[in-house]
Amino acid sequence: MKRRLVGALAAVMLGCGPGAQQAGTSASGSLGLTQDDSLLFAADADRDAVYVIDTKTSAVLREVKVGDQPEKVLVAPDDTVFVTNRMSRSVSVLRSGEATEAARIDVGVEPVGLALSLDQKTLYVVSAASKTDPDVGTLTAVDVRSLSVLWETPVGQEPHAIALLPGNKAAVSLYKQGEVVVVDLSTRQVTKSDSELFSQLNRSSLGLTATTNQTFGGPTEPSFSAPRGFGKTATFRARGIEAMVVSPDGQQVYATGRLASDGLLNVRPQEKQGGFPGSPSFDEGVRPDLGSDVGGGSVGYGGGSCGAGSAAAPALLTFDSAARPQVDDVGSCGQTPTDRPPMALRSGLSSVPVQGPTAIALDPTGRFVFVANQESNNVSIVSTTTVPQNGGVGGPVSARSSAVDFRSGGPIDDSQQVVNVGAGPTGVVVSHDGRRAWVLNAFDHSVSRLEMDPSGRLANVGTTKFADDVLPAEVALGRKLFFSAVDPRMNDPKTGIACASCHLEGREDGHVWHFPDGPRQTPSLAGRHVLETSPLHWNGEFNNLLEFMTHTVKERMGGAAPTPDMERQMAAFIRQTRPPDNALAQTTPAAVLERGKAVYEKAQCASCHSGQAHTDNKFYDVGTYVKSGDVPDNMKYLPLGLNTPSLLGIGRTAPFLHDGSATTLKERILEGKQADRHGATSQLSLAEVDDLVAYLKTL
């Protein structure tokens, strides 16, 4: 007999005890909870502090200063608190009842993910880059008793999250690559670097043999050419895998991410008068040879996977205990019954977007997943068991037709409930008795408390503000604009996309989007003096930020016309975005820097990549135009060439070039070396190429 989701959730939250965790615990977000549910630990990245909050009285008990930009919080069973300090390459240790930081552990560059072994003897820390190579992140093991580093091993590019698996293994997410690798903690080696997530997401689109949604991870499929654009079926790649959590029985891993389309995005509704720099004036509207968008949405960034509105659709990805993906084929969208949550995160209401899944938690039984959605300012509560419904969207076995939107009382997707919270949620925890949950609203510096109301529905029953803004007012407002998928001035709620949906963390997503212009990789905005190096876009079509926002917000995101005030706020936020941490800038030997800089001059790199931001803001053809394939460059949009990009932080922005075709800097230099199209490189020896790459990685 089918029961209601509200009733099922109430039963779980009011009566069931915790299951047995089989693989240790991991930190999902910026909020932690003591074992007796009495204290919350809220990390504030703006204030470099952790705030301790009494859960019963909502009183802020103390502020504990930690390292630069605290990111994730993990509370051990003895209530010792570990905090990753993103921009100071460290983990802070807070002891129960103490008012100051007890210790600090040195780890890799930009530490993010944390996990604690089941025996509580080993702390595992994931860092986005190593101190010797920005191309590779690391997994560090720390002895909990002595706080000394036991070992460190490379795990792949830009790792973020970690989940401990049975058999002394760990799953580690590669944030921008959209991949999950497996590390054997005994041998300290990556034993599986390809989870086959992409092929399993796109089985029908790629023409692969359909299999059950329950078991994957066999031999690697033969190579394929992904169909995309020009009316062909789009494929989707996972990006921004930020957080992971393991089910209580250790048999499933749940991860937050986005599914980014490589289909052709909606055509330009109308070209602007005056065209692009150096081109004749034109206003021709739709490019006739390209057709329409990739599958829905009223604006250019519409057309997500499985009915989600955004081309960067929020997703809850499931893996088994061996980190093999158990995900929907995007072509069929979950029409097979599964013992896992629905993949697509959405509210079911066109007025309530879901976007930017950032943190994740489980109720004690493992029957419900709580996902904090940073860009839509809400929390999704999702059943971990689904069955097919009309249209192929999964819903929970125990509740298929009665879920409600706790904000408005309207119907939502049967498999999910959505509760509105404060701005920019980055952490969520559930009480150990399953009766309540708390959410950290990073942009409001507050914590929301979720409880069952008298009718049995989960609701936001109150908010505790623990600190005031320390950012300048325009920066704080600009950040909210940048990360908002719910502000009607910025977007259409039916699409539900934010600037941050592609410019992850103010940086980039490593994705190549397919526009009528051609393939365009997302550029990083962090620390690159973007607004001082206009014109904007690869083809330089926008002279300033307001011009860019007017086009992008109105025609691609579906929002209202931006105002000068909004432009100032957005500009203030972009200007203060910090570049990725770069250890090589301080540790590269002077002799190597001197040789590399000499090669930079010899190859005439400085003739284009000049000035403070290493760009002259001019246009060039460096031999990288895409002239064949499904989505070639349309030369009408590139009358003068490609705008010279900044090289600041280039070591952390792979892949490279406007079409993302170069996976490493060395690959790019060698590819065009003999033609001298991209600098005077034909004269360089291989040793000089290595010196040049070493220098570029320090910028």
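Packing, as the average of other Cβ atoms within 10 Å across residues, places the peptides 78-87, 430-439 in the order 78-87, 430-439, highest first.
Projecting each Cα onto the charge dipole of segment 585-699 (Lys/Arg +1, Asp/Glu -1 at the beta carbon, about the Cα centre), which of 665, 632, 649 comes out farthest on the positive side? Final value for the positive-end residue is 649.
If the segment from residue 54 to residue 147 were pulled out straight at 0.36 nm per residue, it would be longer than the present Cα-Cα gap by 30.7 nm. Computed from backbone phi, the HN-Hα couplings of segment 137-148 come to x, 10, 10, 10, 9, 10, 6, 5, 6, 8, 6, 9 Hz, rounded to whole numbers (Karplus: 6.51 cos²θ - 1.76 cosθ + 1.60, θ = phi - 60°; Gly and Pro given as x). Spread over its residues, the convex hull of the C-alpha atoms of segment 24-165 is 95 Å³ per residue. Other residues within the sphere of radius under 11 Å centred on the Cβ of residue 149, judged by their own Cβ, net out at -3 (K and R +1, D and E -1). What you get for segment 585-699, charging only the Cβ of Lys and Arg (+1) and of Asp and Glu (-1), is a dipole of about 120 debye around the Cα centre.
Sequence-ordered 3J(HN,Hα) estimates for segment 354-369 from the Karplus curve with 6.51, -1.76 and 1.60 and θ = phi - 60° stand at 10, 7, x, x, 10, 9, 8, 8, 10, 6, x, 7, x, 8, 9, 9 Hz, glycine and proline given as x.
With θ taken as phi - 60° and the Karplus curve 6.51 cos²θ - 1.76 cosθ + 1.60 applied, the whole-hertz 3J(HN,Hα) list for segment 447-453 is 10, 9, 10, 10, 9, 6, 8 Hz, x standing for glycine and proline.
Going by average Cβ neighbours within 10 Å, how do the peptides 34-45, 51-62 rank, with the highest at the top? Present the calculation step by step, with values, prior to reporting the outcome.
Working: 34-45: 20.0, 51-62: 15.3.
Order by mean packing, descending: 34-45, 51-62.
Using a/c under 1.5 as the rounded threshold, could you call segment 585-699 rounded, prolate or oblate? The axes a ≥ b ≥ c are square roots of the C-alpha gyration tensor eigenvalues, and prolate needs a/b larger than b/c, oblate otherwise. It comes out prolate by the Cα gyration axes.
Please sort 147-157, 419-429, 95-105, 366-376 by packing, taking for each peptide the average over its residues of neighbouring beta carbons within 10 angstrom, highest first.
Values: 147-157: 16.8, 419-429: 24.4, 95-105: 13.7, 366-376: 27.4.
Listed from highest to lowest mean packing, they are 366-376, 419-429, 147-157, 95-105.
Cross-link reach is defined here as a Cα-Cα straight distance under 14 Å, omitting same-chain residues fewer than 8 places apart; for residue 56 the aspartates and glutamates meeting it are 36, 37, 451.
Length available on full extension from residue 593 to residue 204: 0.36 nm per residue minus the Cα-Cα distance, which gives 135.1 nm.
Extension gain, residue 680 to residue 459: 0.36 nm times the residue separation minus the Cα-Cα distance gives 73.3 nm. Near residue 158, the amide H atoms lying under 5 Å from its own belong to 137; only residues 5 or more places off or on other chains count, and H is placed 1.01 Å from N.
Taken over segment 585-699, lysine pairs spaced eight or more positions apart, or on distinct chains, with alpha carbons under 21 Å apart number 12. Projected label points at residue 606 and residue 119, each 7 Å from Cα along the beta carbon direction, are separated by 5.7 nanometres.
Just so you know, all these numbers are worked out from the coordinates, no wet-lab data involved. What you are looking at is a predicted structure, and each value in this text was computed from that prediction instead of being measured. Glycine also receives a Cβ, built like all others from the backbone with ideal geometry; neighbour counts cover every protein chain displayed.
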